[in-house]
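Worksheet for the structure shown next.
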Number of protein chains: 2
Amino acid sequence: MANGTTNPRRRLDPGARRDQLLALGLDLIKTRPFDQLLIDEVIAAAGISKGLLFHYFPSKRDFQVKLMEAAAGELLAAIEPDPDADVLTQLHQGLEAYIGYIERNPAAYIAIVRGAGSDDALLEVFEGTRDRIVELIVGRIVAAGLVVDANPLLRLAARGFIASVEESTILWLRERPCSREELVQLFLRAAYQLAPMVNDISASPS
Amino acid sequence: MANGTTNPRRRLDPGARRDQLLALGLDLIKTRPFDQLLIDEVIAAAGISKGLLFHYFPSKRDFQVKLMEAAAGELLAAIEPDPDADVLTQLHQGLEAYIGYIERNPAAYIAIVRGAGSDDALLEVFEGTRDRIVELIVGRIVAAGLVVDANPLLRLAARGFIASVEESTILWLRERPCSREELVQLFLRAAYQLAPMVNDISASPS
């Protein structure tokens with residue numbers, strides 16, 4: 001192929017080189033943790049010097065954050081709902097896509113969910129991704145008229161739902177305690193409860 | 001008081017000194033993150049040398065792990081259910097105790113839930129604590145006859161539930177988007193669904 005980006009040793013313009021380094025890192029981060037070995041492999045595959053990597057990404061941590069952002073962007077793109085489908089179909093499709101993404105990229109997913117730890121920049125990527133997914137779910141539920149409005153309780157419940165999906169999926173990947181279909185059914189049933197629970201609590205005298 | 005453990009500068013036997021250092025650290029970790037300043041304060045409050053701290057705890061990380069274990073132990077003791085109560089009362093009491101513990105010790109809680117990150121020893125404390133709470137919930141649900149047995153799907157659902165409680169509580173602490181009672185009601189309703197969801201999926205033809 002004549003396309004310059006497929007030949008790592010060619011001189012690339014800065015934007016293309018940066019994208020190439022991220023793409024190489026993203027391939028590697030999908031199957032294993034971020035560490036020095038991964039960085040060394042990216043440098044070797046790109047045929048560049050260590051110094052050049054740090055020209056594009058000021059530090060190891062910065063490169064890690066950018067890789068996490070790229071992985072999170074892929075996940076968000078994968079679960080983007082079909083705008084013409086009804087809310088239950090969107091939910092089902094979104095969950096299937098979510099689990100499918102994680103099955104293909106277990107290390108990237110676990111790195112996003114567990115790896116953030118107390119690192120503020122990584123935590124921001126992680127929280128930002130969760131927020132986007134919460135907005136997606138809340139937006140669909142409100143658009144379908146299942147709750148009166150996007151009240152704070154719905155947002156709180158949706159955030160809890162996302163956390164339960166993350167946690168259960170990590171456990172499922174590790175131990176496979178049930179079938180994939182049972183996992184999807186568990187999440188679907190929990191999601192179906194979000195709007196009724198919130199409506200019920202909102203309607204209760206406090 | 002004549003009790004030696006109340007006077008930090010007295011010569012203590014090794015077990016008592018270790019307990020004293022953990023108790024001092026546990027007080028501090030409840031309101032702020034684990035860092036060098038916290039270690040320095042523990043050393044100053046105990047009136048010991050830095051070398052002596054590292055005699056009891058081989059490394060900073062080891063001290064941090066032991067503090068997390070102590071904080072997790074406190075949380076587990078706080079939510080221990082009344083054995084004579086019915087399962088719904090146990091659940092309600094457990095959730096109230098859980099939220100109450102977190103309200104009193106926000107930093108310790110956030111450190112347990114978020115701080116583990118990719119540190120294996122801290123992650124083990126965190127996972128171990130979650131496992132204990134899952135066993136507590138699964139045990140109560142099974143004992144109350146709400147499901148046929150402790151099947152893997154119930155464990156998976158209970159783990160997801162715990163994760164959702166953690167996540168929503170952290171968000172609630174930070175933003176207070178609803179009343180405490182609404183938060184409890186949200187968790188109770190989600191917990192009530194655990195057994196029916198699992199029974200329903202187990203009964204479905206797969």
Give segment B:152-164 a look and list any residue that's more than 20 Å from residue B:76 (Cα to Cα) and either hydroxyl-bearing (Ser, Thr, Tyr) or open to solvent by 30 Å² or more (accessible area, probe 1.4 Å) (or both), or say none.
B:152
Here are some residues: B:203, B:195, B:144. Which one is at pLDDT below 95 and over 18 Å from residue A:187 (Cα atoms)?
B:144
May I ask you to verify whether residue B:191 is assigned to a helix (DSSP H, G or I), in contact (Cβ under 8 Å) with a residue 60 or more places away in the chain, more than 9 Å from chain A (Cβ to nearest Cβ) and within 22 Å of the chain's Cα centre (by Cα)?
yes
What's the number of the only condition in (1) under 22 Å from residue B:173 (Cβ atoms); (2) touching a Lys or Arg at 6+ places or on another chain (Cβ under 9 Å) that residue A:193 fails to meet?
(1)
Check A:149, A:119 and return the single one that is in contact with a helix residue (DSSP H, G or I) (Cβ under 8 Å, 6 or more places away or on another chain) and either away from chain B (no Cβ under 14 Å) or farther than 27 Å from residue B:180 by Cα (or both).
A:119
Are there any pairs with C-beta distances below 8 angstrom linking a residue in segment A:154-177 that is more than 7 Å from chain B (Cβ to nearest Cβ) to a residue that is assigned to a helix (DSSP H, G or I) and of a type in the set (Lys, Arg), with the two at least 6 apart or on different chains, and if so which?
A:162/A:130; A:170/A:114
For the list (1) more than 30 Å from residue B:35 (Cβ to Cβ); (2) at pLDDT 90 or above; (3) under 12 Å from the mean Cα position of the chain (by Cα), I need the number of the one condition that residue A:162 fails.
(1)
Residue among B:135, B:127, B:167 that alone is part of a helix (DSSP H, G or I), crowded, with 17+ Cβ neighbours inside 10 Å and either out of contact with any Gly (no Cβ under 6 Å at 6 or more places or on another chain) or not hydroxyl-bearing (Ser, Thr, Tyr) (or both)
B:167
Specify the residue that is surrounded by the most Cβ atoms within 10 Å (Cβ to Cβ); the eligible residues are those in segment A:178-187 that are within 17 Å of residue A:97 (Cα to Cα) and facing another protein chain (nearest Cβ under 7 Å).
A:186
Output the number of the condition that residue A:196 fails; it satisfies all remaining conditions of (1) more than 8 Å from chain B (Cβ to nearest Cβ); (2) more than 22 Å from residue B:182 (Cβ to Cβ).
(2)
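The values are calculated or read from the model by the stated rules, or taken from the named source; none is laboratory data. Being a predicted model, the structure only gives us computed values, none of them experimental. With ideal geometry, Cβ positions are generated from the backbone for all residues, glycine too; neighbour counts draw on all protein chains shown. Side chains included, ligands, DNA and RNA excluded: accessible areas come from the protein's heavy atoms. Shrake-Rupley method; radii C 1.70, N 1.55, O 1.52, S 1.80 Å.
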